[in-house]
1. Can you pull out every residue in region 399-434 that is more than 25 Å from S130 (Cβ to Cβ) and of a type in the set (G, A, S)?
2. Give me a count of the residues in region 64-110 that are part of a helix (DSSP H, G or I) and open to solvent by 10 Å² or more (accessible area, probe 1.4 Å).
3. Can you name the condition, by its number, that N60 falls short on among (1) within 15 Å of the ligand (Cβ to nearest atom); (2) open to solvent by 30 Å² or more (accessible area, probe 1.4 Å); (3) without any contact (Cβ under 8 Å) to a residue 24 or more places away in the chain; (4) not basic (K, R)?
4. Say whether the condition of being among the small types (G, A, S), part of a loop (DSSP other than H, G, I, E, B), open to solvent by less than 60 Å² (accessible area, probe 1.4 Å) and more than 12 Å from the ligand (Cβ to nearest atom) is met by at least one residue in region 221-232.
5. Looking at F222, F199 in this structure, which one is touching a helix residue (DSSP H, G or I) at 6+ places or on another chain (Cβ under 6 Å) and either more than 12 Å from R36 (Cβ to Cβ) or not aromatic (F, W, Y) (or both)?
6. Scanning region 41-52 for residues that are surrounded by fewer than 23 Cβ atoms within 10 Å (Cβ to Cβ) and over 12 Å from T16 (Cβ atoms), which turns out nearest to the ligand (Cβ to nearest atom)?
7. Determine, yes or no, whether V181 is within 30 Å of F78 (Cβ to Cβ) and either open to solvent by 30 Å² or more (accessible area, probe 1.4 Å) or touching a strand residue (DSSP E or B) at 6+ places or on another chain (Cβ under 8 Å) (or both).
8. Hey, S348 hits all of (1) among the hydroxyl-bearing types (S, T, Y); (2) without any contact (Cβ under 8 Å) to a residue 60 or more places away in the chain; (3) open to solvent by 20 Å² or more (accessible area, probe 1.4 Å) but one; which does it fall short on?
Amino acid sequence: MNDPHIKNIVIVGGGTAGWMAAAAFARVLGTQVKVRLVESEAIGTVGVGEATVPHLKLFNDLLGISDIEFIRQTRGTFKLGIQFNDWGHLGDSYIHGFGHIGHSLGLLPFHQYWIKASQHGFARDLAAYSINTAAAPRGKFMTSAQDAPAHSPLADIPYAYHFDASGYARYLRGYAEARGVKRIEGKVCKVRQHPETGFVESVTLENGEVLEGELFIDCSGFRGLLIEQTLETGFIDFTHWLPCDRALTVGCENAGPPPPYTRATAQTAGWQWRIPLQHRIGNGYVYSSAHISDDEAAATLLANLDGPALGEPRQLHFVTGMRRKFWNKNVVALGLSSGFMEPLESTSIFLIQSGIARLLNLFPREGFSEVLIDRYNAQAQFEFERIRDFLILHYKLTTREDSDFWNQCRTMSIPGVLQDTLELFRDSGRFFRQAEEMFAEVSWVQVMIGQGIEPRGYHPLVDQVPDKELRAFVADTARVIDSCVDAMPAHQVFLDRLQSMKG
Ligand SMILES: Cc1cc2nc3c(=O)[nH]c(=O)nc-3n(C[C@H](O)[C@H](O)[C@H](O)COP(=O)(O)OP(=O)(O)OC[C@H]3O[C@@H](n4cnc5c(N)ncnc54)[C@H](O)[C@@H]3O)c2cc1C
């Protein structure tokens, strides 16, 4: 009888997804499993993907990569949130920050008190009550202060990174190879499947080398070499809700110190990102080709750079959606091969990380059990769909009428779950996170309020706090945040200090 244990993993693809998977397997599985990664320099990688969410720190922690090392290797900067300009209407601006908003009094989240204070005219903008959203526009940054009292906003400052994606993949390659992962240069030109089960048995490279394995990780990018071209798994298209299908990207020179946040500015037929790194700014225009020509999109991108462009814009085509199955037979798709959603909330690298963690949690001991595979697929599908809905929210909540693109987004039908979420929030500012969906209440609340929802009411328990006390509570909260931000160093100063540290 054949040995049912997984002893050989073959990763096809060496972009961010492939090397993240290789590094994590090497760290967690150790010598229990032999890991080989095949990649083709001739094909190359997508190489964008420069903004992240705070979860990446957990991944780096797992690998033992410190902030100092990471920021140095990737020429990265820190990120407190994303600034959205012109989304609700032309001229508006709000920040979706990663931190808490205020603090709760008893059962209720802070925003419930804020809604009443706002209706009575004594609240400031919601951003004034969170350390992340107050610090970001002032260009201030620090990591959580270890010596601050536990209740101080300075004691808990969640953050993510902006970084050079190719620098990260290079670094992870060194990490993985040092721990036994074997990298093979070459192009996969043939895939052999078991004649009865259809399981992938081996991949063959152009030079004739054959790589056999029990488990195959498809990190081959948009083409989905194993999951789609071989297994024909199928694709669920999200274009109806997220119509952007192209991106133009270009770097430009820095124009001053890097701000500690990503900027996403809504344009006529999509939106433009600005991602500050230490040595340059990453920019891109994500747009719908049905609503604007490539030339017009390029002109818009170039007209809205902070500094001189560093080359010609590069174009990428994509279809927004996800595979019908992320794990099919003995193939698990990670990264772009598993599906794609535009980088509006910087979620793609998170999805890679979460796919790796899920696979390690459900790693089969003997053979491939359908129960494990089904659970993997159900969790991944739920995660994709809830992020999809969070992205749709940004488009649906526009009041813009200045282009066909925004008219389409404003009037489109949306998934029922999202519709219910909006109605509940419009009624009385209530929100309930579904299971372990990625974005928490503070994220949904900031975007819904940021894009113009003014809840009609609030929770009745808010009225237990006398008006005078409520006024003092919200004013004190903002005052504490202000004084904490005053005490924070400028982002650039923090970066300089970090770089001069040993580690
Ligand atoms: C416009 C745009 C902006 C983005 N911005 C962000 C962002 O800000 N934040 C974020 O989290 N994510 C972002 N992403 C997503 C992010 O870029 C990807 O999730 C990430 O780069 C992972 O890509 P990948 O490794 O799956 O694929 P790729 O980078 O395409 O790598 C594919 C690999 O497969 C190899 N390969 C393919 N075919 C073969 C073959 N036949 N034989 C051998 N090797 C093969 C290639 O050589 C390559 O090594 C963005 C994506 C796009 C398109």
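The values are calculated or read from the model by the stated rules, or taken from the named source; none is laboratory data. These numbers come from a predicted model, not from an experiment. Using ideal geometry, Cβ is built from the backbone for each residue, glycine included, and neighbour counts are taken over all protein chains shown. Ligands, DNA and RNA are excluded from the accessible area calculation, which covers all protein heavy atoms including side chains. Shrake-Rupley method; radii C 1.70, N 1.55, O 1.52, S 1.80 Å.
1. Listed by number, the residues that qualify are S403, S413, G416.
2. Qualifying residue count for the region: 5.
3. So N60 meets the others, but not (2).
4. no
5. Going through F222, F199 in turn, just one is touching a helix residue (DSSP H, G or I) at 6+ places or on another chain (Cβ under 6 Å) and either more than 12 Å from R36 (Cβ to Cβ) or not aromatic (F, W, Y) (or both): F222.
6. I43
7. Yes, satisfied.
8. (2)
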